[in-house]
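What follows is one structure encoded as structure tokens, with my remarks underneath.
The values are calculated or read from the model by the stated rules, or taken from the named source; none is laboratory data. Everything numeric in this text was worked out from a predicted model, so none of it was measured. Cβ coordinates were reconstructed from backbone atoms using ideal geometry, including for glycine residues, and neighbour counts include every protein chain displayed.
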Amino acid sequence: MSLVLPVNDESIALASTLLHEGKLVAFPTETVYGLGGDATNGHAVASIYKAKGRPTFNPLIVHVDEVKALDPLIEWTERARVLAKAFWPGPMTLVLKRAPSCPASLLTSAGLETLAVRIPSNPDAQRLLKATGLPIAAPSANASGKLSPTTANHVADSLGNNVDLILDGGSCQIGVESTVIDLTSEIPVILRPGGITREQLEAALGCKVAVYSASTNAPMSPGMLSSHYAPHLPVRLNAKGAERNEAYLAFGITEGNAGAASLNLSPSGDLSEAAANLFAMMRALDTPPHSGIAVAPIPMTGLGLAINDRLRRAAANR
Ligand code: TXA
Ligand code: MG
């Protein structure tokens with residue numbers, strides 16, 4: 001059974017210690033319970049995907065306690081300032097461009113140039129965020145494909161031993177997830193309806209807000225466009241080694257690649273470590289003078305499904 005503790009000074013201190021160690025802590029927000037990990041620690045972020053059993057990497061929302069904590073993470077826009085003032089802290093998530101030296105792991109963004117950020121209003125969430133001083137990546141604290149949790153018991157039922165600590169702050173006040181709004185294109189787009197309505201957003205912004213649906217031409221959510229995850233160089237999968245001029249992305253023990261620029265996703269063959277390194281290493285190898293990136297075979301188990309999904313997209317015809 002997972003450890004469930006009521007929110008008090010001791011449990012918050014323990015939660016903060018665990019998060020700094022890269023462990024996972026489930027915590028209440030005003031929408032649903034989140035499964036939190038240190039957003040700046042790729043291993044912690046990889047273990048979030050693993051704990052949820054998410055079959056592909058769907059980008060995660062980063063939570064902070066106050067507006068100025070977002071400065072290092074994202075590029076502010078005028079609209080973002082307006083919405084932040086109107087609806088934070090609260091059930092709204094903004095998708096913005098990552099700041100140039102954004103410390104959040106690329107896996108948090110699932111390799112995208114954007115980052116989803118939110119300032120929750122729930123006092124227990126605020127307490128935790130203030131205690132850690134870290135940006136916390138947190139999807140809903142349920143097993144992938146299952147209902148979102150609105151009590152600590154739901155989290156324990158859904159995630160069992162896959163979470164190091166569950167903070168019990170009672171039932172969530174809102175009970176549906178935050179509104180996700182993408183501010184990176186000319187027209188703001190609601191990617192996921194939630195606690196803040198389109199009308200509220202339009203009134204605050206003084207402009208039209210589109211709602212994403214598969215049948216409109218509104219910008220898509222990530223994970224649907226293969227090019228989103230594609231590096232500049234061509235990618236060759238299931239490669240036992242690099243050909244001339246290729247860079248090599250290895251996994252596990254390799255026989256050496258004479259001359260090739262090479263990085264290893266996980267020398268010990270650990271899929272969580274590989275997931276944590278995937279996007280950053282792809283980027284590092286995606287430079288001239290290489291002619292392409294050859295990638296070692298990755299096992300199709302556990303997080304290997306998500307890694308292979310992204311690799312397939314990266315290698316797909318553009
Ligand atoms: O209320 C909530 O938002 C809860 C609490 C814990 O804050 N969190 C939550 O996270 O619902 P999750 O992972 O279950 O849903 C996050 C949604 C997904 O639909 C994801 O695709 C979208 O936000 N998202 C995250 N980052 C994005 C990005 N960079 N661009 C577009 N969409 C993004
Ligand atoms: Mg969810």
Can you tell me which residue is nearest to ligand 2 (Cβ to nearest atom) among those in segment 28-58 that are in a loop (DSSP other than H, G, I, E, B) and surrounded by 24 or more Cβ atoms within 10 Å (Cβ to Cβ)? 32
Residues in segment 170-191 that are within 13 Å of ligand 1 (Cβ to nearest atom) and either closer than 30 Å to residue 18 by Cα or touching a residue at least 60 places away in the same chain (Cβ under 8 Å) (or both): how many? 15
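For residues that are of a type in the set (Val, Ile, Thr) and in a strand (DSSP E or B), scanning just segment 129-187, find the one that is nearest to ligand 2 (Cβ to nearest atom). Spell out how you get there, then give the answer.
Keep residues of segment 129-187 that are of a type in the set (Val, Ile, Thr), which gives 132, 136, 150-151, 155, 163, 166, 174, 176, 179-181, 184, 187.
Okay, now just the ones that are also in a strand (DSSP E or B), so 136, 166, 179-181.
Details: 136: 15, 166: 17, 179: 14, 180: 11, 181: 16 Å.
By that ranking, first place goes to 180.
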Quick check: anything in segment 162-169 farther than 22 Å from residue 59 by Cα, out of contact with any strand residue (DSSP E or B) (no Cβ under 7 Å at 6 or more places or on another chain), of a type outside the set (Asp, Glu) and away from ligand 1 (no atom under 14 Å from the Cβ)? no
Looking at segment 34-50, can you tell me whether even one residue there is over 17 Å from the mean Cα position of the chain (by Cα) and within 13 Å of ligand 1 (Cβ to nearest atom)? no
Within segment 106-129, can you find the residues that are surrounded by fewer than 20 Cβ atoms within 10 Å (Cβ to Cβ) and modelled with pLDDT of 95 or more? 121, 123, 126
Residues of segment 253-303 satisfying the condition of being in contact with a Gly (Cβ under 6 Å, 6 or more places away or on another chain), modelled with pLDDT of 95 or more and either of a type in the set (Phe, Trp, Tyr) or surrounded by fewer than 21 Cβ atoms within 10 Å (Cβ to Cβ) (or both): 269
Take residue 243 and tell me if it is in the same structural domain as residue 308 (by TED's automatic domain parsing), at pLDDT 80 or above and within 25 Å of residue 113 (Cβ to Cβ). no
Reported set for segment 87-105 where residues are more than 11 Å from ligand 1 (Cβ to nearest atom) and within 25 Å of residue 307 (Cβ to Cβ) is 102, 103, 105
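Among residues belonging to segment 59-70 that are aliphatic (A, V, I, L, M) and within 11 Å of ligand 1 (Cβ to nearest atom), point out the one that is surrounded by the fewest Cβ atoms within 10 Å (Cβ to Cβ). I'd like the intermediate steps shown before the answer.
Taking segment 59-70 as the starting set, the residues that turn out to be aliphatic (A, V, I, L, M) are 60-62, 64, 67, 69-70.
Restricting the remaining residues to those that are within 11 Å of ligand 1 (Cβ to nearest atom) gives 60-62.
Working: 60: 28, 61: 24, 62: 27.
Once the filter is applied, the top-ranked residue is 61.
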Within segment 135-154, track down each residue that is under 20 Å from residue 3 (Cβ atoms) and either outside the structural domain of residue 109 (by TED's automatic domain parsing) or away from ligand 1 (no atom under 11 Å from the Cβ) (or both). 143, 151, 152, 153, 154
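Determine, yes or no, whether residue 115 is near ligand 1 (Cβ under 9 Å from one of its atoms) and closer than 21 Å to residue 22 by Cβ. Write out each step before concluding.
Values: near ligand 1 (Cβ under 9 Å from one of its atoms): yes; closer than 21 Å to residue 22 by Cβ: yes.
So residue 115 passes the test.
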Check residue 287 against each of (1) outside any helix (DSSP H, G or I); (2) within 16 Å of residue 108 (Cα to Cα) and name the one condition it does not meet. (2)
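For every residue, the table says whether it meets (1) touching a Leu at 6+ places or on another chain (Cβ under 9 Å); (2) touching a residue at least 60 places away in the same chain (Cβ under 8 Å).
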residue	(1), (2)
248	yes, no
267	no, no
270	no, no
283	yes, yes
287	yes, no
296	yes, no
300	no, no
304	yes, no
For residues that are surrounded by 13 or more Cβ atoms within 10 Å (Cβ to Cβ) and assigned to a helix (DSSP H, G or I), tally how many sit in segment 191-208. 6
For segment 91-105, how many residues meet the condition of being surrounded by 22 or more Cβ atoms within 10 Å (Cβ to Cβ) and out of contact with any strand residue (DSSP E or B) (no Cβ under 7 Å at 6 or more places or on another chain)? 1
Out of curiosity, is residue 124 more than 9 Å from ligand 1 (Cβ to nearest atom), in a helix (DSSP H, G or I), acidic (Asp, Glu) and in contact with a Gly (Cβ under 8 Å, 6 or more places away or on another chain)? yes
